[in-house]
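FYI, it's all coordinate maths here, none of it is from the lab. Here the structure is a predicted model, which is why all the values come from computation and not from measurement. Ideal geometry is used to build each Cβ from the backbone, glycine not excepted, and the neighbour counts take in all protein chains shown.
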């Protein structure tokens, strides 16, 4: 193996700045997409459990559509195809005037994709709540909306915190796909440093270490949240 | 939207078919490699030998913390360096996918191995079988069977993930579609068609998983 080590290259102001800026983009894309994923995913997940056949079919279709197409293809469709498919004025706006087009597209694509995965967790959480509780609530004279508001959602959202941890980690990893539409996030920056300096080993190591740190932080945050939201005496396994 | 051009899709079908074959081949080989390596990692992790278990756990957690694209970049750089000569994009990508998927398959196989009742291992030992015989004849066949639906699901995810070889310009279905899209200036048609192909294959796969699950539940 012939390789000239030079770790100091990572701490040259220029390249160090690239890493920090990449980290900033990675975190921004992931967190913004996560907000979209939580909101849309919760709506779709709840929709799938509703007694209304039409609504639940539409929500099922959403999940199947977004889950069965690779994220990369979705990202390209949002970035390259959608501006051609919408009415001309809107398309021109998306191509020319929309601020930060790569960032916005990455957030929308990643958010809506992750929403389909979040929706599955939400649905599973709602279905884990014992049927008897739902029946009891309805027999008390609660409306469907009240059953969800006071019984199903408070329990199921606390139950799904542990499985959501892995989705939360995945959103950071998947944000790296934004580099395919030209957003210089962490992976792209490390690749760029590798190309400029030929110190690939150092550049990729830096990115790897940062991703591991992100994963550690996210795991700690989620386990704190898990401790806060755990339902005492409820393992969530019984159905 | 009015001028959707089907002919560009039809004209490029042979080219796209080559791409799809590469995607499927990469998926197939990576599933096999990932499954073998993943099972070894799972066995190492459950072996009770501290250094082995620690190494396997460290590897799995490290790989699971980083994005696949970064892993692909790593192996594109490392494989030729370690071998001292370039071996072509396909093999570098294949090694990257095997190393990456092994971490995920190892978690699945670990759960599968733990789903086999302990008493069976004891019974195996009592009849005089060695460690590898117990794994080979008792534990792994059952672990594998119990996990088939999850293994297939992971295979579908892997098939979707192969689209990421785009970042190193390996000519899979995704890269082929994007080449045609750019040269012909037909972005809408080509990307929607690629999405359709991926969707049909993955959706069929997930229906198959659902059938497996209902058959195994009964």
If I build a Gaussian network model for chain B, linking alpha-carbon pairs within less than 10 angstrom, which residue out of B:132, B:74, B:17 has the largest mean-square fluctuation? B:132
Residue B:29-residue B:91 pseudo-label distance in nm [points 7 Å out on the Cα-to-Cβ vector]: 0.9 nm
Can you quote the Å³ per residue value for the convex hull of the Cα atoms in the stretch A:7-229, rounded to an integer? 143 Å³
If the chain between residue A:143 and residue A:57 were fully extended at 0.36 nm per residue, the gain over the current Cα-Cα distance would be 28.8 nm
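How well do other chains shield peptide B:116-128, expressed as the mean number of their Cβ atoms within 10 Å of each residue Cβ? Write out the running numbers ahead of the final one.
Working: counts 0, 0, 0, 0, 0, 0, 0, 0, 0, 0, 0, 0, 0.
What the average comes to for B:116-128 is 0.
Ranking request for peptides A:106-116, B:177-187, A:12-22, B:102-112: highest mean number of other beta-carbon atoms within 10 Å first, then the rest in descending order. Please list the in-between numbers first.
On the way: A:106-116: 24.4, B:177-187: 19.1, A:12-22: 15.5, B:102-112: 22.4.
Per-residue Cβ counts within 10 Å, averaged per peptide and sorted highest first, yield A:106-116, B:102-112, B:177-187, A:12-22.
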Run through all the Cα pairs of the stretch A:8-116 and give the fraction in each 10 Å bin from 0, expressed as whole percent. 14, 31, 31, 17, 5, 2, 0
Helix A:186-197 versus the longest principal axis of chain A: what angle, 0 to 90°, nearest 10, using Cα atoms? 10 degrees
Averaged over all directions, how much area does the convex hull of the C-alpha atoms of the stretch B:141-215 cover when projected, in nm²? 5.9 nm²
Taking the Cα atoms only, what angle lies between the long axis of helix B:89-114 and the longest principal axis of chain B, rounded to 10 degrees? 40 degrees
What percent of all Cα-Cα pairs in the stretch B:20-173 falls in each 5 Å bin, counting up from 0? 2, 9, 17, 19, 18, 13, 10, 7, 4, 2, 0
Choice from A:41, A:125, A:141 with maximal GNM fluctuation in chain A (Cα, 10 Å cutoff): A:141
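Let me have the relative contact order for the stretch B:20-173, percent, based on Cα pairs under 8 Å that are six or more residues apart. Write down the numbers at each step before the final one.
Working: 159 pairs, mean separation 54.6, N = 154.
In percent, rounded to a whole number, it is 35.
For peptide B:59-65, how many partner chain Cβ atoms fall within 10 Å of a residue's Cβ, on average?
On the way: counts 0, 0, 4, 4, 1, 6, 13.
Per residue, the number of nearby Cβ atoms from other chains is 4 on average.
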Cα extents of the protein assembly as shown along the three principal axes, largest first (Å): 62, 59, 48
Mind jotting down the distance between the C-alpha centroids of the stretch A:60-101 and the stretch B:113-139, whole Å? 53 Å
With the calculation restricted to Cα positions, what are the radius of gyration and Dmax of the stretch A:94-165 in angstrom? 18.0, 57
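In Å, what Kirkwood hydrodynamic radius results for the stretch A:53-119 from the alpha-carbon pair distances?
Values: mean 1/r = 0.0772 Å⁻¹.
After inverting the mean inverse Cα-Cα distance, the result is 13.0 Å.
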Rounding to the nearest 10 and keeping the result within 0 to 90°, find how far the Cα-based axis of helix A:53-67 lies from the longest principal axis of chain A. 20 degrees
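Once you wrap a convex hull around the alpha carbon atoms of the stretch A:30-87, what is its projected area averaged over all directions, in nm²?
Details: hull surface 20.2 nm².
Projected area, direction-averaged: 5.0 nm².
To one decimal place, what Kirkwood hydrodynamic radius in Å is obtained for the stretch A:142-186 from all pairs of distinct Cα atoms?
Values: mean 1/r = 0.0759 Å⁻¹.
Hydrodynamic radius (Kirkwood, Cα only) of the stretch A:142-186 equals 13.2 Å.
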Partner chain coverage, peptide A:26-39 - average Cβ within 10 angstrom: 0
Inter-probe distance in nm under a simple model that places probes 7 Å from Cα toward Cβ, at residue A:21 and residue B:148: 5.3 nm
